[in-house]
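Working notes for the structure below.
The values are calculated or read from the model by the stated rules, or taken from the named source; none is laboratory data. The shown structure was predicted, so the numbers you read here are calculated from the model rather than taken from an experiment. Using ideal geometry, Cβ is built from the backbone for each residue, glycine included, and neighbour counts are taken over all protein chains shown.
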Amino acid sequence: MSYLSNTITVTGTAQRQAWLDRVLPPVEEVRPGLWSIPTVFPDNPLRYVLSYALRHGSGVALVDTGWPCEDAWDGLVAGLGEAGWEISDVRAVLVTHGHADHFGLARRIREVTGAWIAMHEADAHLEAEFSGPQTFLRADNAWLARRGGQSGDLTVIRQPRPEMFEHFHVRPDRFLADGERPLGPGSALSAIWTPGHTPGHVCFFDSERNLMLTGDHVLPRITPNISPAPGVEDDVLGEYLASLLLLDGYDDAEVLPAHEYRFRGLAQRIRDLRQHHDVRLSEVTDVIGAEPGADTVAVTAGLHWSRPWSQMQGMPRRFAIGEAYAHLVHLERTGHIVNKGTDVDSWYLAGEGRPGPA
């Protein structure tokens with residue numbers, strides 16, 4: 001993820017102050033019948049996940065749940081209590097996308113409450129491809145080797161937590177579809193399929209309250225990491241750029257992201273994000289022009305990041321390689337570069353040269 005300056009209007013002022021103070025923000029009733037509930041995201045620079053509880057029937061529905069750990073569970077239970085609910089009142093869990101900080105507590109919630117879980121079919125299928133931590137690590141190591149990763153890169157990137165892996169799998173009871181109203185035909189909440197950050201990422205628009213719940217698709221301060229999972233060959237950056245435009249007509253809605261704080265100014269934020277990727281695509285092209293035949297890791301090391309490449313260890317380095325690769329694939333699919341490598345990537349400029357605006 002990268003940092004951006006922008007011209008949004010912060011509406012979650014208490015959330016932003018908590019972010020600046022490096023503390024957990026308060027539980028807030030954003031609108032009558034809809035609460036923002038933060039849960040801790042340990043050992044991660046994002047610090048917390050914002051779950052949203054919506055009145056649903058005789059109980060509540062949750063949009064995202066938080067990371068699978070006791071502190072997050074305790075925070076969710078306590079947050080629901082502040083809103084006047086018990087964990088047993090949860091009737092449904094709507095998952096914006098298949099990352100563990102968003103669905104990690106879903107299975108436990110279902111076991112305790114009997115609530116049903118819904119996520120997009122694309123993420124459910126992708127997440128089910130890996131039967132255990134070793135299967136995923138083998139696939140990820142092979143992917144990194146293809147990108148040009150050496151044994152030293154694998155050492156600094158790998159941070160397996162096998163004991164956590166069982167929580168990273170959940171079988172949804174329902175699949176979310178683009179345009180549907182997952183809480184029933186009379187509900188004001190509709191799903192918008194926004195692939196890119198993951199293949200099955202979904203945003204939710206609440207027409208009654210004029211709120212857009214964006215998950216990780218649009219965040220107020222940083223750019224979501226756009227990086228393909230092992231085995232995914234799609235142009236995920238192209239999908240993300242196209243998905244951003246799907247929200248362009250909701251500029252008057254207040255944005256409720258899964259991290260950081262609420263804001264207004266969605267159209268400007270979308271323009272900022274697209275401009276960021278335009279700049280990054282040009283930067284990638286410049287690196288290849290200066291170093292023809294560079295592999296993906298070498299291209300990544302040549303880009304500007306929020307911290308020096310030598311200081312990026314563990315998963316931040318893996319995310320950076322994935323993000324650079326997503327830009328490389330997009331440039332390849334749009335005819336600006338070619339990959340002449342067989343076992344290892346080897347990137348060269350093509351006839352069309354420098355890309356135009358996204």
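Within segment 275-301, residues that are under 16 Å from Ala320 (Cβ atoms) reach partners that are among the acidic types (Asp, Glu) with beta carbons closer than 6 Å, at six or more positions or on different chains, in the pairs Asp295/Asp345; Thr296/Asp345.
With respect to the stated conditions, Arg333 fails to be among the charged types (D, E, K, R), surrounded by 16 or more Cβ atoms within 10 Å (Cβ to Cβ) and touching a residue at least 12 places away in the same chain (Cβ under 8 Å).
Per-residue answers, yes or no, for (1) in contact (Cβ under 8 Å) with a residue 60 or more places away in the chain; (2) over 16 Å from Arg221 (Cα atoms):
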| residue | (1), (2) |
| --- | --- |
| Thr9 | yes, no |
| Gln15 | yes, no |
| Asp21 | no, no |
| Glu28 | no, yes |
| Ile37 | no, yes |
| Pro42 | no, yes |
| Leu46 | yes, no |
| Tyr52 | yes, yes |
| Gly59 | no, yes |
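For segment 77-109, the tally of residues that are without any contact (Cβ under 8 Å) to a residue 40 or more places away in the chain and within 27 Å of His125 (Cβ to Cβ) stands at 3. In this entry, Ala326 is excluded by the filter for residues that are over 22 Å from the mean Cα position of the chain (by Cα) and not assigned by TED's automatic domain parsing to the domain that holds Asp235.
Could we say that Val170 is in contact with a strand residue (DSSP E or B) (Cβ under 9 Å, 6 or more places away or on another chain), modelled with pLDDT of 95 or more and of a type in the set (Val, Ile, Thr) here? Show your work before the answer.
On the way: in contact with a strand residue (DSSP E or B) (Cβ under 9 Å, 6 or more places away or on another chain): yes; modelled with pLDDT of 95 or more: no; of a type in the set (Val, Ile, Thr): yes.
Spelling it out, it is not the case that Val170 is in contact with a strand residue (DSSP E or B) (Cβ under 9 Å, 6 or more places away or on another chain), modelled with pLDDT of 95 or more and of a type in the set (Val, Ile, Thr).
Restrict the check to segment 189-204 and report whether at least one residue is over 20 Å from Leu244 (Cβ atoms) and in a loop (DSSP other than H, G, I, E, B). Even if it seems obvious, please write down each step before you answer.
Within segment 189-204, the subset over 20 Å from Leu244 (Cβ atoms) is 189.
From the residues that got through so far, the ones that are in a loop (DSSP other than H, G, I, E, B) too are none.
No: segment 189-204 contains no residue that is over 20 Å from Leu244 (Cβ atoms) and in a loop (DSSP other than H, G, I, E, B).
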